[in-house]
Amino acid sequence: MVKSIVVCVIILLFLVGFGKIRETKLRTEEHDASLKKLYAKDFYIGAAVNDGVILGKNTQALQILKKEFNTISPENVMKWQEIHPSPNSFNFEMADKYVALGKKNNMHIVGHTLLWHSQIGSWMNSVKDSAVMANYIKEHITTVAERYKGKIDSWDVVNEALNEDGALRESVFLKVMGERYLEYAFKIAEKADPSAELYYNDYNMWKPKKREGAIQLIENLQKNGVKIHGVGMQGHWGLTEPSLEEVETSIIAYSKLGIKVAITELDITVLPNPWELEGAEISQNFENSDEMNPYPDVLPDSVEVQLANRYRDIFKLFLKHSDKIDRVTFWGVNDKSSWLNNWPIKKRTNYPLLFDRDYKTKKAYHVVTGLKTN
Ligand code: G3I
């Protein structure tokens with residue numbers, strides 16, 4: 001009798017002990033788990049970083065960056081206006097710090113962006129002569145891409161060159177140089193840094209007309225022997241738009257061109273936008289209207305769940321096409337740093353990313369990691 005009680009007690013102690021070890025192991029695994037570890041076999045996963053992170057001032061965001069991500073993109077510090085503010089001056093201070101951050105943490109470093117009609121050196125908008133424009137573009141791209149030769153893994157060489165209907169945007173580059181500016185930019189970038197992958201990057205690349213335009217743009221480059229390694233689909237999406245069928249159609253169509261696909265600027269707005277309002281005149285001032293800023297203090301759990309479900313569906317699609325997708329980059333580390341708090345309306349409270357304003361993981365984070373652990 002005594003013997004059987006002793007045996008039972010030993011078994012009970014063993015089970016309790018085993019349970020505690022398992023619980024600790026699970027907790028440790030959960031603590032050690034990270035987006036980059038879970039998605040290591042699928043694609044790079046990263047975030048755009050701002051000055052606060054690059055300068056190490058935002059220690060909480062930096063901590064998330066190091067733990068969760070293996071690729072970084074510069075939200076603003078490598079744009080023409082920041083690096084090349086006037087015809088005869090370059091300022092690489094912040095761009096150097098950005099690249100150093102990526103190297104120090106052994107990350108896949110993205111360069112964004114060599115040629116974009118927005119945030120361009122202001123003097124460029126008054127250039128009228130094709131040869132002069134070509135010289136400025138050559139000087140900019142060569143100076144920047146040579147400086148980071150062998151350090152930048154992938155350049156957004158040209159950003160947002162298309163209209164929504166797929167035609168080429170009437171940028172100052174197109175007006176002055178004609179469409180040859182595209183080929184010109186890519187060739188100069190390849191010469192300046194043959195080791196970097198060269199991308200075309202744009203938004204709404206899921207729209208059928210824009211998809212056709214992007215395919216035309218890429219095929220024209222390829223036809224002329226221009227090196228292009230990939231296409232960036234920016235990923236500034238909403239809770240219901242775009243349809244994932246259109247996104248999938250684009251991923252497949254771009255991949256068929258023999259190039260990589262990157263989701264370069266992923267964020268999911270949970271706020272209404274003026275143009276979604278029936279008959280809304282976008283120039284109408286929506287500042288501070290409750291209707292356009294419905295969650296100023298906290299995101300209702302129902303919307304938190306909607307966001308999590310949307311990220312779940314999106315990452316399921318990305319995993320289905322991980323053979324085509326090289327990288328998924330969130331456009332910011334946490335909700336507080338998102339550009340979407342100030343666009344298209346300033347001073348709103350948006351909740352587009354996986355980490356909240358207190359740098360805590362959101363339901364969306366756990367759903368995205370859950371796709372790899374469950
Ligand atoms: O640095 C100045 C600061 O000195 C000044 O006090 C302040 C006054 O408003 O402006 C600051 O510059 C702002 C900059 O972000 C840095 O915060 C610019 O005004 C503002 O226009 C700029 O917005 C950026 C926007 O691109 C335009 O460049 C956003 O942060 C950035 O998230 C956004 O990112 C773009 C991608 O590069 C391309 N794809 C679309 C995406 C969203 O527009």
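Only the coordinates and a few stated rules stand behind these numbers; no lab work does. It should be emphasised that the depicted structure is a prediction, and the values quoted were computed from it without experimental measurement. Neighbour counts run over all protein chains shown; Cβ positions are idealised from the backbone, glycine included.
The stretch between Q222 and D297 holds 22.0 nm of extra length on full extension. This uses 0.36 nm per residue minus the Cα-Cα distance.
Taking the Cα centre of the chain as the origin, how large is its charge dipole in debye, to the nearest 20, when only Lys and Arg (+1) and Asp and Glu (-1) carry charge on their Cβ atoms? It would help to have the intermediate numbers written out before the result.
Working: 48 positive and 49 negative charges, 340 e Å.
Charge dipole of the chain: 1640 debye, to the nearest 20.
In sequence order, the stretch 102-111 has phi-based couplings of x, 5, 4, 9, 6, 9, 6, 9, 9, x Hz under the Karplus curve 6.51 cos²θ - 1.76 cosθ + 1.60, θ = phi - 60°, and Gly or Pro positions carry x. One Cα centroid belongs to the stretch 144-180, the other to the stretch 313-374; the line between them spans 26 Å. The H on the amide N of Y44, modeled in the peptide plane, is under 5 Å from the matching H of R327, V328, each at least 5 residues off or on a different chain. The stretch 40-102 and the stretch 114-141 have Cα centres spaced 23 Å apart. Between the residues P300, T269, V127, the greatest Cα displacement towards the positive end of the dipole of the stretch 43-373, with unit charges on the Cβ of Lys, Arg, Asp and Glu, is found for V127. Bridgeable aspartates and glutamates around K104 (alpha carbons under 16 Å apart, same-chain partners fewer than 8 residues away excluded): E68, D96, D153. Put a dot 7 Å past the Cα of R169, heading toward its Cβ, do the same for E248, and the two dots end up 3.0 nm apart. Put simply, the amide H of K260, placed in the peptide plane, has neighbours under 5 Å in G230, V231, leaving out anything fewer than 5 places away on its chain. A simple rule links phi to the HN-Hα coupling: the Karplus curve 6.51 cos²θ - 1.76 cosθ + 1.60 with θ = phi - 60°, which for the stretch 192-198 gives 6, 8, x, 8, 7, 6, 10 Hz, with x for Gly and Pro.
Grab the DSSP H runs of the chain that are 4 residues or longer, score each as -39,500 (n - 2.57), total them, divide by all residues and round the 222 nm result to the nearest 500 deg cm²/dmol. Write out the running numbers ahead of the final one.
Values: 13 runs with 161 residues, N = 374.
Dividing the helical sum by the residues of the chain leaves -13500 deg cm²/dmol.
Relative to the longest principal axis of the Cα atoms of the chain, the long axis of helix 2-32 lies at roughly 10 degrees.
How would you rank 122-135, 305-318, 42-55, highest first, on the average number of other Cβ atoms within 10 Å across their residues? Present the calculation step by step, with values, prior to reporting the outcome.
On the way: 122-135: 13.4, 305-318: 18.3, 42-55: 22.1.
Answer by packing, highest mean first, reads 42-55, 305-318, 122-135.
Length gained on full extension, D129 to H366: 80.0 nm, using 0.36 nm per residue less the C-alpha separation.
For the stretch 43-373, the equivalent ellipsoid derived from the Cα gyration tensor has semi-axes of 31, 22, 21 Å, listed largest first.
Sites count as exposed loop sites when they are GluC sites (Glu not before Pro), lie in a DSSP loop, and have at most 15 other Cβ atoms within 10 angstrom; the longest stretch of the chain without one is 1-163.
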